[in-house]
Amino acid sequence: MNFIINYNFSYLLNISAFLALFIGALLGMVIGALPGLGATIGCALLIPLTFRMDPKVAILALCSMYMSSCYGGSISSVLLGIPGTSGAVATVIDGFPMAKRGFPGKALGYSLYASTVGGLVGWLFLAFLTVPLSKIALNLADPELFVIGLIGLVSVSALGAVDPWKCVISLLLGLIVGVIGVDFYTGATRFTFNNISLGDGVSLVALFTGFYALSDMLDLCMGDLGAHSITDTKRLKCEISWAEFKNVFPVILKSGIIGTIFGIVPGLGGGPASFYSYSEAKRKDKEPETFGHGNPRGLSACESSNNAVVSGGMITLLTLGIPGTSTVAIISGALMMHGITPGPELMNSDSALVYTIFWGILLSIGVMFLLGKYTTSFCARILVYPNYVLIPIISILIVVGSYVGRFFMIDMWTAAIAGIFGFIMEKLNFSRNAFALSFVLAQLIEFRFRRSLMISRGDFLIFFNRPLCLILWVVFAYMIFYSIKAAKKKRADRREVAAL
């Protein structure tokens with residue numbers, strides 16, 4: 001309860017904090033509604049604007065954008081049958097049929113209320129579990145943190161791509177790019193090609209902006225440039241009755257818990273959480289045959305878990321320093337750019353920032369609800385503009401965003417190369433999220449591994465002679481076993497489909 005008793009609310013009760021929450025929520029809803037964009041790209045584009053901000057205000061803007069974009073993704077899912085974000089893929093299953101039956105506003109209403117309650121469920125876990133978990137995490141030494149980093153990588157490889165080997169390759173590529181720069185122990189340069197601008201490593205902003213935003217713009221350029229996402233803007237008012245809300249509330253609550261758990265585990269995120277919640281809701285429903293034809297419980301389950309993932313991912317970041325999702329990885333990078341290292345020490349070094357994140361996420365949920373209720377129809381009208389209008393605008397933001405981070409020309413080249421690289425990875429079914437998460441984890445894993453060996457004077461037994469380390473190795477072994485089992489199941493399913 002310290003976050004209530006000991007917090008100085010003046011950090012939030014000022015015009016800059018409110019503007020950050022409002023603008024972040026509004027931009028998040030708009031970007032989430034645009035097919036192919038989403039929270040990861042939105043936060044990557046927003047980071048350059050936060051460089052001159054106070055760290056607390058910057059994080060408020062990013063968290064607000066993350067939360068609102070999760071709901072925004074449902075707008076295009078419901079109206080077009082095209083998921084605005086990866087977490088909104090399952091929303092299409094029941095959201096789009098409900099809209100086609102003539103109830104787009106009602107479908108958006110279910111989505112908004114489910115997103116709000118799911119976000120609140122995740123926030124309760126964040127507010128009341130982060131501090132106890134951070135105290136436990138303070139007892140973790142370098143060997144434990146190294147193994148936890150490995151567990152994060154393995155959990156990504158288990159669910160990161162259709163082909164697990166392609167996911168492993170994506171992880172390895174992310175690790176390689178993540179160690180570019182000057183060695184923090186020896187001072188030797190690694191993969192910099194004698195370019196001093198790469199001494200501090202590859203710019204996270206430039207890399208992620210190009211990797212996600214530019215690659216998706218290239219994908220849009222391959223399609224119909226004159227295509228309009230939507231033309232009919234009737235019946236877009238976002239509302240449901242109290243009786244309708246009560247009917248779906250138990251599903252929303254359960255799905256919020258599932259989403260939080262999926263957010264805590266690195267590498268899962270909104271997509272798997274939404275599908276699992278949807279499957280669980282269908283399995284427990286009295287009328288499972290109505291799912292896929294506009295069932296409000298199926299739609300609500302997806303959106304609740306999708307938004308609960310936000311707080312779940314922040315729990316892992318604040319307690320262990322490991323981002324649970326690719327978007328949280330970008331928020332982690334934003335913290336680092338402000339000289340703040342996320343992890344268990346953060347509670348002792350800057351508890352005000354941690355408590356600001358707690359209250360900021362709660363306020364962002366409220367702002368998201370109000371904006372969603374009164375501006376959803378306006379946000380949806382952005383989809384009226386054709387691709388040839390949207391692509392140049394977003395491309396200009398990519399160029400500006402990649403350059404203003406450090407004002408290095410190399411960062412613009414980084415964004416361009418990353419965009420082409422991300423486009424190729426997506427077309428070849430490699431895992432972009434696995435690459436992004438391993439890029440962020442690369443330095444943590446290397447730093448903890450090498451420092452552990454320095455402490456033990458080269459004795460590898462330091463990773464095995466500590467009780468907690470042994471427990472974590474058991475978890476690591478289980479994740480390896482699960483990955484192999486999942487890969488075998490996927491191959492068997494493909495053979496069955498091929499035999500039909």
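Summary of computed values
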item	result
Failed item in (1) polar (S, T, N, Q); (2) modelled with pLDDT under 80; (3) farther than 16 Å from Gly259 by Cβ; (4) buried (at least 24 other Cβ atoms within 10 Å of the Cβ), with Thr50 passing the rest	(4)
Filter result (part of a helix (DSSP H, G or I) and touching a Ser or Thr at 6+ places or on another chain (Cβ under 8 Å)) within the stretch 28-46	Gly28, Met29, Ile31, Gly32, Ala33, Ala39, Thr40, Ile41, Gly42, Cys43, Ala44, Leu45
Some residue of the stretch 349-362 being touching an Asp or Glu at 6+ places or on another chain (Cβ under 9 Å), more than 21 Å from Leu21 (Cβ to Cβ), assigned to a helix (DSSP H, G or I) and at pLDDT below 85	no
Residues being modelled with pLDDT of 85 or more and either of a type in the set (A, V, I, L, M, F, W, C) or closer than 13 Å to Ala141 by Cβ (or both) - total across the stretch 446-464	12
Among (1) under 30 Å from Glu345 (Cα atoms); (2) outside any helix (DSSP H, G or I), the one test that Asn306 misses	(2)
Top-ranked residue in the stretch 315-327 [being part of a helix (DSSP H, G or I) and touching a residue at least 60 places away in the same chain (Cβ under 8 Å); ranked as nearest to Tyr66 (Cα to Cα)]	Thr327
Only one of Ser10, Ser64, Ser76 that is within 19 Å of the chain's Cα centre (by Cα) and at pLDDT below 75	Ser76
Residue among Glu287, Glu303 that is out of contact with any strand residue (DSSP E or B) (no Cβ under 7 Å at 6 or more places or on another chain), buried (at least 24 other Cβ atoms within 10 Å of the Cβ) and not aromatic (Phe, Trp, Tyr)	Glu303
Checking Leu150 against (1) at pLDDT 70 or above; (2) surrounded by fewer than 23 Cβ atoms within 10 Å (Cβ to Cβ); (3) closer than 22 Å to Asn348 by Cβ, the condition it does not meet	(3)
Residues of the stretch 401-458 that turn out to be assigned to a loop (DSSP other than H, G, I, E, B) and either surrounded by 24 or more Cβ atoms within 10 Å (Cβ to Cβ) or not polar (S, T, N, Q) (or both), as a count	9
Candidates Ile455, Ile417, Ile462, filtered to the one that is within 24 Å of the chain's Cα centre (by Cα) and either in contact (Cβ under 8 Å) with a residue 24 or more places away in the chain or over 24 Å from Thr316 (Cα atoms) (or both)	Ile417
Filter pass, Val30 being at pLDDT below 75 and of a type outside the set (Asp, Glu)	no
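The values are calculated or read from the model by the stated rules, or taken from the named source; none is laboratory data. For clarity, every value in this text was computed on a predicted model and none was experimentally measured. Counting neighbours? That spans all protein chains shown, and the Cβs are built from the backbone with ideal geometry, glycine included.
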